[in-house]
Amino acid sequence: MKALITGGAGFIGSALTRHALGARKWSVVVVDKLTYAGHLSSLSPVSGMPDYRFAQIDICDRTALDAVFAEQQPDVVFHLAAESHVDRSITNAAAFIETNLVGTFNVLEASRAHWQKLNGAAKDRFRVVHVSTDEVYGSLGDEGLFREDTPYDPRSPYSASKAGADHLASAWFHTYGLPVLISNCSNNYGPYQLPEKLIPLTILNALAGHKLPVYGDGKNVRDWLYVDDHVEALCLIAEKGELGRCYNVGGRNERANIDVVHTICDLLDRHARKDAAHRALIEFVTDRPGHDRRYAIDASRLENELGWRARETFETGMERTVRWYINNEAWWGPLRAAGVGVKRQGLPA
């Protein structure tokens, strides 16, 4: 199997690349523009492997996409390239429209052109897995779960752009017959996550003795999914999923943001500076505009139809994550020095 992974130098994309080359023994070509979110250092564990290729390409460049498809002849496309940070979308929505909508259109069209040239078993084998988010569903109350048939109700420029991309992917299946599958995942965490996201931001601020900003009252709830469990699900969806179908991927680990921060503080008290009381660094700050109150995923379809189960609990995944950041300053240090995660974003002018 040869996989083409767009956004493969990003957080989830690099985890998928490492998993596909390692556990799956696939060949992989990574396509990435290498913006602020994509870093070749996240691919250093596999950069010397003979079945790994990298192409620095903007998915808005259709000519370059067509060329890499023709050269690499992939069997499966995992489309992860996207602008993905809600805070950034509030202050720079245009980039999200360009990458997440126009870029997705280009990936779908390049995939369709490639697929139409295939014959026999190669054509039957080809798949496009469009990777999306639970944020397209909007916000839940105190009860209930997002299911695959939950109506879309995006609340931020980011989630609106991803909802539009999902609709494009579905339309290309129904109109053109392109063998597309869609996944919608809950909040990911784990090694190599950009330090502007909640969990790595909290870990690194705490290690530096800086304040730990928590939006609003800290009671916004997310369903947390360890990234290695997510990429295992993506591979199963590509291998066994029903064409045209959507699959929700969630860890069944609902936690309020303040509880996530408390967990990190307590782990750092044990593993970093035992004389520190990291909870004392918590500081409640002005809430994010349009901040959805609660997300929670029903992953029953994925679990029952494809046999997937999350291996990590929130406790085991957080233990692994905190230890990784403690031991890998060589990866995150240059990013922090460059200002990533240092200044808050998402406050409209």
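The values are calculated or read from the model by the stated rules, or taken from the named source; none is laboratory data. The structure displayed is predicted, hence computed values, not measured ones. Positions of Cβ are backbone-derived with ideal geometry, glycine not excepted, and every protein chain shown enters the neighbour counts.
Summary table
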{"quantity": "Scan of segment 1-28 for residues that are closer than 19 Å to Ala70 by Cα and surrounded by fewer than 24 Cβ atoms within 10 Å (Cβ to Cβ), ordered by number", "calculated": "Met1, Lys2, Trp26, Ser27"}
{"quantity": "Segments classed as helices (runs of 4 or more DSSP H), wholly inside segment 38-97, with at least 2 members that are within 22 Å of the chain's Cα centre (by Cα), at pLDDT below 95 and crowded, with 18+ Cβ neighbours inside 10 Å", "calculated": "86-91"}
{"quantity": "Whichever residue in segment 292-311 is in a loop (DSSP other than H, G, I, E, B) and of a type outside the set (A, V, I, L, M, F, W, C) and, among such residues, is farthest from Tyr158 (Cα to Cα)", "calculated": "Gly307"}
{"quantity": "Pairs, first free of Cβ contacts under 8 Å to residues at least 60 places away in the same chain and crowded, with 17+ Cβ neighbours inside 10 Å in segment 144-164, second assigned to a loop (DSSP other than H, G, I, E, B) and of a type in the set (Ser, Thr, Tyr), C-beta under 9 Å, six or more apart", "calculated": "Ala163/Tyr152"}
{"quantity": "Cross-chain or 6+ apart pairs with Cβ under 6 Å, segment 206-233 first and surrounded by fewer than 17 Cβ atoms within 10 Å (Cβ to Cβ), then in a loop (DSSP other than H, G, I, E, B)", "calculated": "Gly216/Asp287"}
{"quantity": "Of all residues making up segment 98-118, the number that are charged (D, E, K, R) and either at pLDDT below 95 or closer than 30 Å to Asp292 by Cα (or both)", "calculated": "1"}
{"quantity": "Every residue from segment 148-176 that is in a helix (DSSP H, G or I) and among the β-branched types (Val, Ile, Thr)", "calculated": "Thr175"}
{"quantity": "Flag if Glu239 is among the acidic types (Asp, Glu), over 28 Å from Gly339 (Cβ atoms), surrounded by fewer than 22 Cβ atoms within 10 Å (Cβ to Cβ) and touching a His at 6+ places or on another chain (Cβ under 9 Å)", "calculated": "no"}
{"quantity": "Some residue of segment 326-335 being surrounded by 18 or more Cβ atoms within 10 Å (Cβ to Cβ), more than 18 Å from the chain's Cα centre (by Cα) and at pLDDT below 95", "calculated": "yes"}
{"quantity": "Filtered residues of segment 165-194 (kept if without any contact (Cβ under 8 Å) to a residue 24 or more places away in the chain and of a type in the set (Gly, Ala, Ser))", "calculated": "Ala171, Gly177"}
{"quantity": "Filter result for the condition that a residue is of a type in the set (Gly, Ala, Ser), at positive phi and either in contact (Cβ under 8 Å) with a residue 40 or more places away in the chain or surrounded by 15 or more Cβ atoms within 10 Å (Cβ to Cβ) (or both), over Gly307, Gly339", "calculated": "Gly307"}
{"quantity": "Residues being over 24 Å from the mean Cα position of the chain (by Cα) and either at positive phi or at pLDDT 95 or above (or both) - total across segment 119-151", "calculated": "7"}
{"quantity": "Only listed residue being of a type outside the set (Lys, Arg) and either more than 20 Å from the chain's Cα centre (by Cα) or at positive phi (or both), chosen from Val221, Val285", "calculated": "Val285"}
{"quantity": "Those residues of segment 265-291 which are closer than 30 Å to Val136 by Cβ and either among the basic types (Lys, Arg) or assigned to a helix (DSSP H, G or I) (or both), in sequence order", "calculated": "Arg288"}
{"quantity": "Test for Asn253: is it under 23 Å from Arg125 (Cα atoms) and surrounded by 16 or more Cβ atoms within 10 Å (Cβ to Cβ)", "calculated": "no"}
{"quantity": "Residue in segment 287-302 that is under 13 Å from Asp229 (Cα atoms), surrounded by 14 or more Cβ atoms within 10 Å (Cβ to Cβ) and at pLDDT 95 or above present", "calculated": "yes"}
{"quantity": "Residue check, Leu198 touching a residue at least 12 places away in the same chain (Cβ under 8 Å), buried (at least 24 other Cβ atoms within 10 Å of the Cβ) and closer than 29 Å to Glu148 by Cα", "calculated": "no"}
{"quantity": "Listing of strands (runs of 3 or more DSSP E) fully contained in segment 194-264 that carry 1 or more residues being more than 22 Å from Gly290 (Cα to Cα) and modelled with pLDDT of 95 or more", "calculated": "221-226, 246-249"}
{"quantity": "Qualifying residue in segment 248-262 (condition: over 30 Å from Arg301 (Cα atoms) and either more than 22 Å from the chain's Cα centre (by Cα) or free of Cβ contacts under 8 Å to residues at least 24 places away in the same chain (or both))", "calculated": "yes"}
